[in-house]
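The values are calculated or read from the model by the stated rules, or taken from the named source; none is laboratory data. Model, not experiment: these values are computed from the prediction. Heads up, the Cβs are rebuilt from the backbone with ideal geometry, glycines too, and the neighbour counts pull from every protein chain shown. What goes into the accessible areas is simple: the full protein's heavy atoms, side chains included, and nothing from ligands, DNA or RNA. Shrake-Rupley method; radii C 1.70, N 1.55, O 1.52, S 1.80 Å.
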Amino acid sequence: SLAPGLHQPRARIEALTGLRFIAAIGVVLMHFSPLLALPGLQWLVVLAGSTVPLFFVLSGFVLTVQYEADFAIAPAWPAASIRRYAVARAARILPLYLGCLLLTLAAYLASDWRLSLGGDASTPHKALGFALNALALQAWVPHFAIQQFWNAPAWA
């Protein structure tokens, strides 16, 4: 039995990693779908739209495969396994997430608030939206400007 701090090497499924990369490109294209709505490119929007669920299903499967070994070898320490998973995910996601939020703030300030990623936000909604986005809780508030004004692609 391994101690809580030790774990087996992660499994990698290279074919799925490559497919996930292709699906991720489709997700990026979906974020630019208004630009792709040019004559002759509508098929690309439809194709990109089908990659979004594929990306999420593959990502969930890959994460399950990667972390199931931790839970299988340390059933006596499930809290330690969950903590390791949460810390690893946060270390991987939060720097980019918060960096993008700060870049969005800089762009808004530089443009004197003339830019908008997702609708106009009143001043109270700007502050509340920023705070909720910084805590990654914006999806919990059913208000378009709060969810979309700061970092619309961060809904995932």
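G99: closer than 30 Å to Q66 by Cβ, among the small types (G, A, S) and not in a loop (DSSP other than H, G, I, E, B), yes or no? Considered against the rule, which asks whether it is closer than 30 Å to Q66 by Cβ, among the small types (G, A, S) and not in a loop (DSSP other than H, G, I, E, B), G99 comes out as yes.
Among the residues of region 95-112, which ones are hydrophobic (A, V, I, L, M, F, W, C) and either touching a His at 6+ places or on another chain (Cβ under 8 Å) or touching a residue at least 12 places away in the same chain (Cβ under 8 Å) (or both)?
Within region 95-112, L98, C100, L101, L105 meet the criteria.
For region 106-129, which positions are open to solvent by less than 70 Å² (accessible area, probe 1.4 Å) and either modelled with pLDDT under 90 or in a loop (DSSP other than H, G, I, E, B) (or both)? Once the filter is applied, which keeps residues that are open to solvent by less than 70 Å² (accessible area, probe 1.4 Å) and either modelled with pLDDT under 90 or in a loop (DSSP other than H, G, I, E, B) (or both), region 106-129 yields A107, Y108, S111, S116, G118, G119, A121, S122, H125, K126, A127, G129.
Reported count of residues in region 130-143, each being surrounded by fewer than 13 Cβ atoms within 10 Å (Cβ to Cβ) and part of a helix (DSSP H, G or I), is 1. Among the residues of this structure, A80 does not count as one that is at pLDDT below 90, open to solvent by 50 Å² or more (accessible area, probe 1.4 Å) and either under 20 Å from G60 (Cα atoms) or in a helix (DSSP H, G or I) (or both). Does L101 count as surrounded by fewer than 15 Cβ atoms within 10 Å (Cβ to Cβ), at pLDDT 85 or above and of a type outside the set (V, I, T)? Here the answer is no, as L101 does not meet what is asked.
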